[in-house]
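The structure appears below as structure tokens.
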Amino acid sequence: MTTQDDGARVDPRVLRTRRLLQDALLSLARERNLDEISVADVADRATVNRSTFYQHYPDTDTLLADALDAQAALVGADLTQIHPDAASGTAPDVLVRYATHVAENVGLYRSALGEHGSPVAVTRLRRRIGALALEGLELHGAPPALAVLPLPIAAAALAGSVIGVLVAWLERDPLPPAEDVASWAWSAVSGWPAQD
């Protein structure tokens, strides 16, 4: 048995099946739009039956969110590695790696985060960035413009800013360099004047 992020022990067969399903979805997503991919398509590509799919995931949106998280972690771009007390001058390396990962999979991320994208993937990304923002606000205090808000609401505002930057970047053609969006996103959350 292996241990998952939350400390729970997970049977290696479960992890293997989830990886098969994630890889199948990502493979299909390179061939067609996400909204055209059914549970049956994923199960067929993963060489499992539909009931096996449903033992692991309630829907393709949740599968997509897990697959995106796993891919980001594989390339060392898991946003949970950002430390809220990082220097505010330049974007952290992990944020640059994340932006590079997104740029290398631009079609998939345009589908996942775009107008008809995955609500689960967007919500998970918002929660992850919001948690990081909350940690930063607790360490450093809120900027003056957000100081009147409860900290969780201020963190949500910052998370929304970062996601807005990512989505606006993904909508551009040609796509600006990953380093640019990492810098823009970091500026959105760290460029506030310090509170006295």
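The values are calculated or read from the model by the stated rules, or taken from the named source; none is laboratory data. Please read all numbers here as calculations on a predicted model, not as lab measurements. Using ideal geometry, Cβ is built from the backbone for each residue, glycine included, and neighbour counts are taken over all protein chains shown. Note: accessible area is taken over every heavy atom of the protein model, side chains too, but ligands, DNA and RNA are not part of it. Shrake-Rupley method; radii C 1.70, N 1.55, O 1.52, S 1.80 Å.
Side notes on the structure shown:
- Top-ranked residue in the range 9-42 [being free of Cβ contacts under 8 Å to residues at least 12 places away in the same chain and either of a type in the set (A, V, I, L, M) or surrounded by 15 or more Cβ atoms within 10 Å (Cβ to Cβ) (or both); ranked as farthest from GLY114 (Cα to Cα)]: VAL10
- For the range 40-80, the set of residues classified as charged (D, E, K, R) and in contact with a Ser or Thr (Cβ under 7 Å, 6 or more places away or on another chain) consists of ARG45, ASP61, listed by residue number.
- One residue from ALA145, ALA157 being over 22 Å from the mean Cα position of the chain (by Cα) and either over 22 Å from VAL122 (Cβ atoms) or not acidic (Asp, Glu) (or both): ALA145
- LEU149 passes every criterion in (1) modelled with pLDDT of 90 or more; (2) assigned to a loop (DSSP other than H, G, I, E, B); (3) open to solvent by less than 50 Å² (accessible area, probe 1.4 Å); (4) aliphatic (A, V, I, L, M) apart from (3).
- Count of residues meeting criterion [under 19 Å from THR123 (Cα atoms) and at pLDDT below 70] in the range 73-112: 5
This table checks each residue for (1) under 19 Å from LEU74 (Cα atoms); (2) in contact with a Cys (Cβ under 7 Å, 6 or more places away or on another chain); (3) crowded, with 19+ Cβ neighbours inside 10 Å.
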| residue | (1), (2), (3) |
| --- | --- |
| VAL106 | yes, no, no |
| ALA121 | yes, no, yes |
| ALA131 | no, no, no |
| GLU138 | no, no, no |
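- Residue check, ALA168 surrounded by fewer than 21 Cβ atoms within 10 Å (Cβ to Cβ), without any contact (Cβ under 8 Å) to a residue 12 or more places away in the chain and in a helix (DSSP H, G or I): yes
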